[in-house]
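One structure is given here, and the rest of the page talks about it.
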Amino acid sequence: MTFFEATCTAPVNIAVVKYWGKRDTTLILPTNSSLSVTLSQDQLHSKTTIRASADFEAQGGDRLWLNGIEESIQSNKRLVACLRETRAQRKAMEQADPALPKIHSWAVHICSENNFPTAAGLASSASGYACLVYTLAKLYQLPLNASDLSMVARQGSGSACRSLFGGFVAWEMGTRDDGLDSRAVQIAPETHWPDLQALICVVSDAKKGTSSTEGMQHTVKTSPLLQHRIKEVVPQRMKDMIAAIHAKDFPRFAELTMQDSNQFHAVCLDTYPPIFYMNDISRAIIRIITEYNRTGIKAAYTYDAGPNAVIYAPKENMPEIYALLNHYFPGAVFDDQLGLRNDPRAVAANPLP
Ligand code: DP6
């Protein structure tokens, strides 16, 4: 059997200025710009292998296995869009260079896995689609310009466009209707602020009730607060966040991160009917971090579309933060290496602040 194959991994990113809302749901064009920190691939990542073979047509055409379970490709419009875009680019290359093997028309088998819970608000779609698009680009030997690939990954899942880069990454919303200016750009590389660390507290690894895709469009349709956020708040916050990152100003970075997480969840509450992503443990962690910061900002919390907390802090504060969280959630083990809390069912047993 003749085949071509590529394997890649892609990291998770956690937004500090959140993307929530689309102005175009097919091209995935957002209603505001966003900014994230890409986490180290050693800890959380998606891994994808794609094989293209002329023989696969007789074996059911394009097929996908996600965490070992076969899923339908044809019913997944976003995956189809990523395949279509990368195949079109490969076809153009083959037309320009007749010596290239004509693999754009071969069916593919895609195997993708995450080493963390899928769809629990841990940005699995971000690393998953970034990985898919990067692996397709490798397979088809496309030019690996991360910003250009981000425009394809964006059509898989909006937040995925930011996982094409390491470090600090902005997704510029753009203004064009064709989306050609809605892309990710790196604000600072991963080497810029080595002292900044992220701790992920897995409050629950259950699949979330309302998907981001569904939730954000209910917000666009019903929330007046979202209009205020996208017009009056985010444009200035993006500038302030970029300045705080460039200056490695942790207190300012932390303040903006927590304010943005709070406003994102306020916008969810302002959606009608309301959407709740945080639970009692999530809110308890907010109170613990707020109390910890009373004498000066030493940590920042942020929550995506799920109950799990991500805590950003300078490296030297992390042992204290583990100890603090273990005090309020005794028995809940925070693994120093992975930054993951192992017991998702632990409940607060000490009085909360
Ligand atoms: C709360 O990228 O998952 O994590 O574009 O519909 O796939 P789709 O949504 P998705 O939304 C992520 C929302 C968020 C904030 C963020 O990552 O910026």
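The values are calculated or read from the model by the stated rules, or taken from the named source; none is laboratory data. Predicted, not measured: the structure shown is a model, and the values here were computed from it. Glycine gets a Cβ as well: all are built from the backbone with ideal geometry, and neighbour counts include every protein chain shown.
Considering each residue of segment 54-76, count those that are in a helix (DSSP H, G or I) and surrounded by 11 or more Cβ atoms within 10 Å (Cβ to Cβ), and give that number.
Residues that pass the stated criteria total 4.
Looking only at segment 251-289, which residues are within 22 Å of the chain's Cα centre (by Cα), under 20 Å from Ile187 (Cα atoms) and surrounded by fewer than 21 Cβ atoms within 10 Å (Cβ to Cβ)?
Once the filter is applied, which keeps residues that are within 22 Å of the chain's Cα centre (by Cα), under 20 Å from Ile187 (Cα atoms) and surrounded by fewer than 21 Cβ atoms within 10 Å (Cβ to Cβ), segment 251-289 yields only Glu255.
Here is a list: Thr48, Thr38, Thr7, Thr2. Which entry is within 19 Å of the chain's Cα centre (by Cα) and away from the ligand (no atom under 16 Å from the Cβ)?
Residue meeting the stated conditions: Thr48.
For a quick check of your reading of the model, give me the residue pairs whose first member lies in segment 111-129 and is more than 16 Å from Tyr277 (Cβ to Cβ), whose second is at pLDDT below 60 and more than 14 Å from the ligand (Cβ to nearest atom), with beta-carbon atoms closer than 8 Å and at least 6 apart or on different chains.
The qualifying pairs are Phe116/Leu340.
So how many residues does segment 8-25 have that are in contact with a Phe, Trp or Tyr (Cβ under 9 Å, 6 or more places away or on another chain) and assigned to a loop (DSSP other than H, G, I, E, B)?
Counting residues in segment 8-25 that are in contact with a Phe, Trp or Tyr (Cβ under 9 Å, 6 or more places away or on another chain) and assigned to a loop (DSSP other than H, G, I, E, B) gives 4.
Just to check your reading of the model, which residue among Gly209, Gly179, Gly174, Gly156 is more than 30 Å from Ala284 (Cα to Cα) and either at pLDDT below 95 or buried (at least 22 other Cβ atoms within 10 Å of the Cβ) (or both)?
After applying the criteria, what remains is Gly156.
Per-residue answers, yes or no, for (1) under 24 Å from Gln259 (Cα atoms); (2) assigned to a helix (DSSP H, G or I); (3) within 15 Å of the ligand (Cβ to nearest atom):
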| position | (1), (2), (3) |
| --- | --- |
| Gln141 | no, no, no |
| Leu149 | no, yes, no |
| Trp171 | yes, no, yes |
| Gly179 | no, no, yes |
| Gly215 | yes, yes, yes |
| Leu225 | yes, yes, no |
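For segment 231-252, how many residues are in contact with a Pro (Cβ under 9 Å, 6 or more places away or on another chain) and either of a type in the set (Val, Ile, Thr) or within 16 Å of the ligand (Cβ to nearest atom) (or both)?
Number of matching residues: 0.
With assigned to a loop (DSSP other than H, G, I, E, B), away from the ligand (no atom under 16 Å from the Cβ), surrounded by 15 or more Cβ atoms within 10 Å (Cβ to Cβ) and not polar (S, T, N, Q) as the only criterion, which of His109, His104 stands out? Step through it out loud before you land on a result.
On the way: His109 fails: assigned to a loop (DSSP other than H, G, I, E, B).
Residue meeting the stated conditions: His104.
If you scan segment 236-286, which residues turn out to be among the small types (Gly, Ala, Ser) and free of Cβ contacts under 8 Å to residues at least 40 places away in the same chain?
Ala243, Ala244, Ala247, listed by residue number.
Go through the residues of segment 123-141 one by one and say whether even a single one is of a type in the set (Lys, Arg) and under 14 Å from Cys8 (Cβ atoms).
yes
Give me the pairs: first residue in segment 11-28 and more than 17 Å from Ala81 (Cα to Cα) and more than 7 Å from the ligand (Cβ to nearest atom), second residue of a type in the set (Gly, Ala, Ser) and part of a loop (DSSP other than H, G, I, E, B), beta-carbon distance under 6 Å, and six or more apart or on different chains, which are they?
Short answer, once both residue conditions are applied: Val12/Ala123.
Quick check on my filter: what residues within segment 238-284 are aliphatic (A, V, I, L, M) and over 23 Å from Ile297 (Cα atoms)?
Correct list: Val267, Leu269, Ile275.
Go through segment 10-38 and give me each residue that's of a type in the set (Lys, Arg) and buried (at least 24 other Cβ atoms within 10 Å of the Cβ). Lay out the reasoning, then the answer.
If we filter segment 10-38 for residues that are of a type in the set (Lys, Arg), which is where we start, we get 18, 22-23.
Result: Lys18, single match.
Quick one: is Gly128 within 16 Å of Thr86 (Cβ to Cβ), assigned to a loop (DSSP other than H, G, I, E, B) and within 15 Å of the ligand (Cβ to nearest atom)?
It is false that Gly128 is within 16 Å of Thr86 (Cβ to Cβ), assigned to a loop (DSSP other than H, G, I, E, B) and within 15 Å of the ligand (Cβ to nearest atom).
Condition first: part of a strand (DSSP E or B) and within 10 Å of the ligand (Cβ to nearest atom). Now tell me which residues in segment 297-315 satisfy that. It would help to see each step written out before you state the result.
Residues of segment 297-315 part of a strand (DSSP E or B): 300-303, 309-314.
Within segment 297-315, Thr302, Tyr303 qualify.
Taking the conditions exactly as written (over 23 Å from Asn13 (Cβ atoms), assigned to a helix (DSSP H, G or I) and away from the ligand (no atom under 14 Å from the Cβ)), does Glu255 satisfy them or not?
no
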